Amino acid sequence: MGRWLSPARLAAAGAILLVAVFAYMVTQKSDKLLEVPDKPHSLNGIVSVPGTTRRQDGGGVYYVDVVIQKASLLQAAFKTFRPEGADLIPQAAFVPSGLSYSQQLKVDQETMKVSQKKASVVALRALGLRFPAREGGVRVAAINSGSRARGLLRPDDIVVAADGGKVATRLDLFNALRRHRPGDIVPLTVLRGAKRLRFRVRTIADDIDPRRALIGFAPIEVVNARLPFPVRFDLGRDVGGPSAGLAFALEVLEQRGRDVDYGLRVAATGEIQLDGTVTSIGGVKQKTIGARKAHVDAFLVPVDGDNARDAKRYARGLRIVPVKNFQQALRALATLPRKS
């Protein structure tokens, strides 16, 4: 018995147990997610328009995204085992209650398609082209499991009014709900096919900010535009969200022969609106780190939401260019120092 419990055998058993626990924590996923920096991606060859005349001057426009991945038990417990620049976030911060991970990815991909349409409109109008384009409300992509709108709203309904005010964009809906507390009843007007319907929906609390009132559905903006010619985007990878809108718009101009990068490698992030305004995005820390590690010459970041200020905290020598709108972004690029 004494030989069986010798110090050497106890140490060996302890080591085996530690290895087994470590292996388990590495391979098993937690209920948390990681936001991880990704490298910038060139848009050359991804955006195509008729009559492309892009200059080959060594420059380029790049979009920057964030990789969302499930954290292992080990990564959730110990920061040391997370990738550089990664942040641990609750799943509710990315996937609303009642939606699956795959459903949210699909919503993000649809949101990116809307951002591509907006970017095309803004860029072509900057070239002096005139054509009809307007926001047409907020489409219901999916309804949260805890939403009081279940049984009232349906997927593909389009919300066009809330609390007595017009809803053309997600921001309009957000502003209407900002006046309310969770549990308040909010009147909604929706389009369902050819029908115009009215509902009174009791709001619910946001999972992340319990003081914020929500209807409880995944909103996707409706943009009605008749472009003078097709603008195509082929990213060739699963990526979603609206944050590449500014980069898309810049690349459309490049493809139509306007030099916007001036031979520089320019990364850009920011959601673009039909009026050219550039609005805030998430994952600024990770996007800045990704741009910095790729040694781009400049990184365009929205002023909105303090995005640019936050980016400067992680720049470490990377040139951060704060932007408020598309025209300002073009002017800023025109004044950047050129490569010798």
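The values are calculated or read from the model by the stated rules, or taken from the named source; none is laboratory data. Worth saying up front: this structure is predicted, and the values here are computed from it rather than measured. Cβ placement follows ideal geometry from the backbone for every residue including glycine, while neighbour counts extend to all protein chains displayed. The area values use the complete protein model at the heavy-atom level, side chains included, leaving out ligands, DNA and RNA. Shrake-Rupley method; radii C 1.70, N 1.55, O 1.52, S 1.80 Å.
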>> Rounded to whole Å, give me the distance from the Cα center of the range 278-327 to that of the range 184-231.
In response: 30
> How about residue 324: which aspartates and glutamates have a C-alpha closer than 17 Å to its C-alpha, ignoring those fewer than 8 places off in the same chain?
Replying inline: 271, 275, 304, 306, 310
> Cα-Cα pairs above 23 Å in the range 168-286: how many percent?
Replying inline: 50
>> Using 24 Å as the Cα-Cα cut-off, could you pick out the over-long pairs in 39/106; 32/118; 29/106?
In response: 32/118
> Considering the dipole of the chain built from charges on the beta carbon (Lys and Arg +1, Asp and Glu -1) around the Cα centre, which of 115, 8, 263 is farthest to its positive end?
Replying inline: 115
> Using all Cα-Cα distances in the range 264-314, what percent lands in each 5 angstrom bin from 0 up to the longest?
Replying inline: 4, 23, 32, 22, 14, 4, 0
>> Which of 313, 82, 200 ends up with the largest GNM mean-square fluctuation for the chain, with Cα atoms connected below 10 Å?
In response: 313
> Carbon-plus-sulfur fraction of the accessible area of the chain, 1.4 Å probe, in percent?
Replying inline: 52
> Under a 5 Å amide H to amide H cut-off, with H placed in plane at 1.01 Å, what residues pair with residue 71 once short-range neighbours are removed?
Replying inline: 30, 32, 33, 34
> If you build a Gaussian network model of the chain, linking Cα atoms that sit under 10 Å apart, which residue out of 133, 291, 249 swings the most?
Replying inline: 133
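In the chain, what percentage of the DSSP-assigned beta bridges are antiparallel, given to the nearest 5? Mind showing how you got there, number by number?
Numbers: 43 of 55 bridges.
Restricted to the chain, the bridges split so that about 80 percent are antiparallel.
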> Restricting to the range 221-340, what percent of DSSP beta bridges are antiparallel, rounded to 5?
Replying inline: 30
> Between 149, 308, 13, which gets the highest mean-square fluctuation from a Gaussian network model of the chain, Cα cutoff 10 Å?
Replying inline: 13
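For the chain, what does the helix formula give at 222 nm: sum of -39500 (n - 2.57) over DSSP H segments with n ≥ 4, over the residue count, nearest 500 deg cm²/dmol? Walk me through the numbers on the way to the answer.
Values: 8 runs with 98 residues, N = 340.
Calculated at 222 nm, the ellipticity per residue is -9000 deg cm²/dmol.
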> If each of residue 327 and residue 106 carries a label point 7 Å out from its Cα toward its Cβ, how far apart are those two points in nm?
Replying inline: 4.1
>> On the Cα set of the range 219-340, report Rg and Dmax in Å, please.
In response: 14.4, 47
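In Å², what does the accessible area per residue of the chain work out to with a 1.4 Å probe? Mind dumping the intermediate values first?
Values: 17240 Å² over 340 residues.
Normalised by residue count, the accessible surface of the chain is 51 Å².
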> Given the protein chains as shown and a 1.4 Å probe, how many square angstrom of residue 189 are accessible, to the nearest 10?
Replying inline: 20
> What do you get for Rg/Rh of the chain when both radii come from the Cα atoms and Rh is the Kirkwood radius?
Replying inline: 1.07
